[in-house]
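First comes the structure, then the notes that go with it.
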Amino acid sequence: MTPHRSPHDLLTPAMQDVIRRMARAGRPPLNTLTTDQAKAAYEAGAGVLEIPKPTLARVQDLHLPARDGHFLPARLYAPSADHLPVLLYFHGGGFTVGSLATHDILCRQLSHLAQCAVISLDYRLAPAHRFPTAANDAWDALAWLANHANDLGLDGTRLAVGGDSAGGTLAAMCAVLARDAGLPLTLQLLFYPGCTAHQDTPSHRRFAEGFVLGEAQISWFFNHYVRSPADRDDWRFAPLNAADVDGVAPAWVGLAECDPLVDEGVLYADKLRASGVPVDLEIYRGVTHEFIKMGRVLPEARQAHADAARALRQSFNPSHR
């Protein structure tokens with residue numbers, strides 16, 4: 001690499017084209033909007049670069065109970081009416097944006113490719129619900145599902161958690177809480193999870209601007225979510241701060257090379273490995289944060305879907321490896 005090579009030179013031609021098209025569209029950055037406007041903008045843009053919507057035999061809206069009596073919207077996806085294993089999925093969006101709708105196609109695709117049920121959770125969002133509400137909602141949904149999967153015709157003995165970005169943070173946290181509760185999980189599926197207390201790794205500086213997710217947006221998201229600086233150091237916000245991760249579920253970690261979050265994803269994979277946890281780490285070259293929702297134009301997204309689904313299948317059916 002030449003000394004003066006720009007980080008943008010790492011991007012694939014297709015990824016560069018996506019970023020150019022985003023710039024041409026001239027949409028205001030989320031961090032310049034109100035949170036309601038940002039939620040609507042993220043929703044409007046969510047499906048633009050997605051693969052065609054997979055059709056599934058079973059799509060069912062649910063409501064799962066949280067500890068405070070609130071019922072959390074959720075959506076069940078399944079390729080058949082069989083007694084299937086289940087992935088509980090948490091969408092990304094910085095704990096501030098995102099919904100069942102924004103991750104509908106991704107969840108359908110994972111269900112289709114992995115031949116498992118997927119339950120996508122609409123956990124409560126900031127700023128109306130600050131830390132630790134999302135964390136509590138995620139765990140409450142998992143605890144409920146472990147006890148009630150059979151009521152849905154699903155196999156609660158084969159249960160995985162997963163998510164992207166902030167949802168990856170929630171999945172990693174749930175894997176630790178599941179270990180503490182003696183709840184066996186087959187896998188934690190982490191697409192570019194947030195893992196650090198403070199955005200201070202080299203990749204946060206290197207990819208701070210111009211790579212889909214930037215420092216300004218990250219700070220905006222988290223400032224809506226945390227109640228005080230002390231919340232950032234809580235391991236439920238920053239899984240790298242967990243006292244130990246011995247005995248948590250095996251992990252599949254899929255990262256984007258040109259992403260502010262890539263370094264912390266590698267650090268978390270290293271933390272898991274150092275504790276003897278099996279880890280499959282994939283870094284998709286030349287793509288940015290959010291790439292898994294751009295399968296129409298990025299082959300790396302379709303590859304990540306296939307890799308994640310393979311990891312799920314193997315975790316649910318270890319004898320079929």
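Bear in mind these aren't lab numbers, they're just calculated from the coordinates by the rules spelled out. Small disclaimer: the values here were computed from a predicted structure and weren't measured. With ideal geometry, Cβ positions are generated from the backbone for all residues, glycine too; neighbour counts draw on all protein chains shown.
Here are some notes:
- Three-way shape label, the range 253-321, alpha-carbon gyration tensor, a/c 1.5: oblate
- Cα-based Rg / Dmax (Å) for the range 176-321: 15.8, 47
- Farthest positive-ward along the chain dipole, Cα basis, beta-carbon charges - from Met173, Gly210, Phe191: Gly210
- As a proxy for reagent exposure, Cys116, Cys107 were ordered by neighbouring Cβ count within 10 angstrom, fewest first; the result is Cys107, Cys116.
- Amide H contacts of Asp280: Ala251, Trp252, Val253, each under 5 Å away and 5 or more positions distant or on a separate chain (H built 1.01 Å from N in the peptide plane; Pro and chain starts excluded).
- Legend: ranking of residues Arg124, Arg21 from fewest to most surrounding C-beta atoms inside 10 Å; resulting order Arg21, Arg124.
- For the range 188-236, the Kirkwood estimate of hydrodynamic radius, built from reciprocal distances between every pair of different alpha carbons, is 12.0 Å.
- The chain: relative contact order as a whole-number percent, Cα under 8 Å and 6+ apart: 19 percent
- With all pairs of separate Cα atoms included, the range 89-224 yields a Kirkwood hydrodynamic radius of 15.7 Å.
- As a rough footprinting exposure proxy, the listed residues Tyr77, Tyr192 were ranked by other beta carbons within 10 Å of their own, and the order from fewest upward is Tyr77, Tyr192.
- For the chain, convex hull volume per residue from C-alpha positions, Å³: 131 Å³
- Simple spin-label estimate for His83 and Gln37 in nanometres, 7 Å along Cα-Cβ: 5.3 nm
- Note on the chain: with a GNM built from Cα contacts shorter than 10 Å, the maximum mean-square fluctuation among Gly26, Gly168, Gly295 falls on Gly26.
- With both labels modelled 7 Å from their Cα along Cα-to-Cβ, the Ala181 to Arg273 distance reads 3.0 nm.
- Here each label is just a point 7 Å from Cα along the line to Cβ, and for His8 and Arg227 those points are 4.3 nm apart.
- The range 49-184, relative contact order in percent, only Cα pairs under 8 angstrom and at least six apart counted: 29 percent
- Here the translational diffusion coefficient of the range 1-121 follows from Stokes-Einstein with Rh set to the Kirkwood radius across Cα pairs; for 4 °C and 1.567 mPa s it amounts to 76 µm²/s.
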